[in-house]
1. If you check Asp54 against the conditions, is it surrounded by fewer than 12 Cβ atoms within 10 Å (Cβ to Cβ) and not polar (S, T, N, Q)?
2. Taking the stretch 67-106, which residues are in contact (Cβ under 8 Å) with a residue 24 or more places away in the chain, surrounded by fewer than 14 Cβ atoms within 10 Å (Cβ to Cβ) and not in a loop (DSSP other than H, G, I, E, B)?
3. Restricting attention to the stretch 112-132, and to residues there that are within 22 Å of Lys38 (Cβ to Cβ) and of a type in the set (A, V, I, L, M, F, W, C), which single residue is nearest to the chain's Cα centre (by Cα)?
4. List the number of the failed condition for Arg109; all other conditions in (1) of a type in the set (Lys, Arg); (2) surrounded by 15 or more Cβ atoms within 10 Å (Cβ to Cβ); (3) under 30 Å from Gly32 (Cα atoms) hold.
5. Can you find, within the stretch 115-153, the residue that is surrounded by the most Cβ atoms within 10 Å (Cβ to Cβ) among those that are of a type in the set (A, V, I, L, M) and in contact with a strand residue (DSSP E or B) (Cβ under 8 Å, 6 or more places away or on another chain)?
Amino acid sequence: MKRPLVLLLIAFALTFATAMLPSQRTFAQCGGPPDKIKATKTVAGSFKGFEVGDYMHAVITKTNGKEVSFFLGHNESIQYFLVTHKGQQLTITYQIVDSYIEEAGGVQRIERISSVRAGTLTDAAWWRQQRKGSSVSKLRTKYDEMVAKAQLN
C-alpha cells in the first residue's frame, strides 16, 4: 500500500477506536458507578507522543527529564492541541479518577488529562478558535494524520 493510504487508514482506525472508549460513556450506558475524582494536579513538560493500546495515553517528558503517561480517553481537542504543540513547554492538568472501565473488570484508578496550556493558550480556547472556521470533520482530516504520526508504539 502507498504511504498516504496507510496513514489515512491508521487515522481512521484511531478515530473509530477512540470514539467508543468506555471512559467516555455515561454511567447509564456502561452500567458502572460514576467517576469519582480523587485529586487534581498539574505537571510541566513537553508532549513526546501517544501510546495506543486498548486506550490512548499521552506521554509527557517532565522538566526533570522523566516521562509520565496520562490517560486521554476520547478528547479530540486535547489530542490535537498536544500534537500541534509538540516539543513546546506545556502545563498539563490531570485528575486522579476512580473510573469504571468495563474491559478492566470494574473501577480502576487512572490519571486522566483534563486540560493543557501552552503559555497562556489553553486547549479549550485553541479548540474554540479552530472550530470558528471549520467543521469537526474537516478538523479531523487536518489533524488525525498528525495524531497517527505521533504514535510511539
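Every number here is computed from the coordinates shown, using simple stated rules; none is lab data. The model shown is predicted, which means the values in this text are computed figures rather than measured ones. As a convention, Cβ positions derive from the backbone with ideal geometry for all residues, glycine included, and neighbour counts pool all protein chains shown.
1. Answer is yes for this residue.
2. Glu102, Glu103, Gly106
3. Ile113
4. The single condition Arg109 does not satisfy is (2).
5. Looking at residues that are of a type in the set (A, V, I, L, M) and in contact with a strand residue (DSSP E or B) (Cβ under 8 Å, 6 or more places away or on another chain), I get Val116.
Quick grid of which residues meet (1) under 14 Å from Tyr55 (Cβ atoms); (2) small (Gly, Ala, Ser):
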| position | (1), (2) |
| --- | --- |
| Gly73 | yes, yes |
| Ser77 | no, yes |
| Thr91 | no, no |
| Ile110 | yes, no |
| Ser114 | no, yes |
| Arg117 | no, no |
| Trp126 | no, no |
| Asp144 | no, no |
| Lys149 | no, no |
